[in-house]
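Participant: Please see the structure below; I have some questions.
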Amino acid sequence: MKKEKSQKQILEERFSENRNHFETIMDFISENEYLKTHVQSYFRLDTFYHKTAIGKIRSLYIDAINAAGGNNLGRNGKSCRFFLNEYLNRLPLNAATIDLYQFFHIFSDEVNDFDALFNFLVHDKGLINLGKKKTALFLRNIDWVQEFSSESERLFTNYQIDKLDLRIPVDVVIVTLLNAILKIPSQNYLKPDRDFDLINSFAREILKEKFMQIEDLWFWGFFNLRNNEKVRDIGFNEEKYYASKFIFPNVELEKKLKCFAKLLLKV
């Protein structure tokens with residue numbers, strides 16, 4: 001009896017056969033990264049409504065826990081209460097910046113990097129409704145805010161991290177685009193929860209220190225997926241484009257988004 005291929009084997013085979021298409025997409029993302037910076041700026045400004053480190057971190061956690069998928073106000077509220085009362089309240093209430101390791105150690109003395117923090121948060125049963133994707137999003141956003149802020153606004157002192165300790169917050173948009181780019185058969189489609197670790201490992205193996213480029217698929221895919229009877233079709237989504245507050249419609253951005261859709265569909 002023929003042994004079924006693992007999801008890892010299928011992914012590797014499809015990448016090998018469609019490597020040129022994948023690299024074309026990644027080159028486009030890299031060349032047009034500047035068009036995504038306003039998302040980071042919006043995020044930073046929204047977070048910096050708060051003037052204290054504890055307020056900013058709490059804001060980032062709330063944003064992550066409310067990200068699309070599995071939302072429930074009761075569960076999310078319990079999660080946010082636990083995060084504040086059990087952990088954040090161990091930090092100085094009025095401090096504008098804190099030492100990075102002081103932040104790590106509110107969780108455990110054994111947490112000394114983002115990799116350990118990711119694993120701690122994912123397995124903490126008090127942090128209801130968090131999971132791998134939202135934990136990855138929370139930590140990615142902490143890094144964003146730190147990196148794209150002026151020195152006086154940064155969350156942490158002594159901020160030296162290994163970027164490979166971060167994770168891609170894999171979601172349905174990212175896997176839908178990967179399935180299309182790599183032409184994965186429908187019966188073998190990648191799935192966000194099941195293949196979270198696989199996709200992160202794949203990205204690190206293929207893209208090395210640039211592995212987070214896979215996460216950029218979310219930005220380009222958000223505006224280039226349309227729901228059609230529960231099936232996501234590829235194509236410029238004008239409604240999302242005009243209804244999204246984290247971008248400002250303009251000729252250059254619209255042109256690039258439509259160009260990306262054509263690249264996705266190119267055989």
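Participant: Pairs Lys191/Lys240; Lys134/Lys256; Lys5/Lys191; Lys163/Lys266; Lys36/Lys266; Lys163/Lys262: which are spaced more than 25 Å apart, C-alpha to C-alpha? List each step's numbers first, then the result.
Facilitator: Details: Lys191/Lys240 23 Å; Lys134/Lys256 28 Å; Lys5/Lys191 16 Å; Lys163/Lys266 32 Å; Lys36/Lys266 23 Å; Lys163/Lys262 31 Å.
Beyond 25 Å: Lys134/Lys256; Lys163/Lys266; Lys163/Lys262.
Participant: Let me ask something else. First compute the accessible area of the chain with a 1.4 Å probe, then give the percent of it belonging to carbon and sulfur atoms. Before the final figure, lay out each step's value.
Facilitator: Values: 7220 of 14380 Å².
The value for the chain is 50 percent carbon and sulfur by accessible area.
Participant: Related question: Among His123, Leu60, Ile10, whose Cα lies farthest out toward the positive end of the dipole of the chain, if unit charges sit on the beta carbon of Lys, Arg (+1) and Asp, Glu (-1)?
Facilitator: Ile10
Participant: Pop out the Kirkwood hydrodynamic radius of the chain from its pairwise C-alpha distances, inverse of mean 1/r, in Å to one decimal.
Facilitator: Numbers: mean 1/r = 0.0504 Å⁻¹.
Result for the chain stands at 19.9 Å.
Participant: Of Phe246, Phe104, which has the most accessible area and how do the rest follow, probe 1.4 Å?
Facilitator: Ranked list, largest accessible area first: Phe246, Phe104.
Participant: Additional query: Taking the Cα centre of segment 65-205 as origin, sum charge times position over the Cβ atoms of Lys and Arg (+1) and Asp and Glu (-1), and report the length of that vector in debye to the nearest 20. Walk me through the numbers before you get to the answer.
Facilitator: Values: 16 positive and 18 negative charges, 155 e Å.
So the dipole magnitude of segment 65-205 works out to roughly 740 debye.
Participant: With every protein chain present, what is the per residue accessible area of the chain (1.4 Å probe, Å²)? Each step should come with its number before you reach the end.
Facilitator: On the way: 14380 Å² over 267 residues.
Each residue of the chain exposes 54 Å² on average to a 1.4 Å probe.
Participant: Also, I was wondering about something else. Fully extended, how many nm does the chain gain between Ser201 and Glu86 (0.36 nm per residue separation, minus their Cα-Cα distance)?
Facilitator: Details: separation 115, 0.36 × 115 = 41.40 nm, distance 3.17 nm.
Full-extension gain reported as 38.2 nm.
Participant: Relative contact order of the chain, please, whole-number percent, based on alpha carbon pairs below 8 angstrom and at least 6 residues apart. Each step should come with its number before you reach the end.
Facilitator: Values: 288 pairs, mean separation 57.1, N = 267.
Across the chain, relative contact order equals 21 percent.
The values are calculated or read from the model by the stated rules, or taken from the named source; none is laboratory data. From a predicted model like this one, the values you see are computed outputs, not experimental measurements. Here Cβ is always computed from backbone atoms with ideal geometry, including for glycine, and neighbour counts include all displayed protein chains. Accessible surface areas use protein heavy atoms only, side chains included; no ligands, DNA or RNA. Shrake-Rupley method; radii C 1.70, N 1.55, O 1.52, S 1.80 Å.
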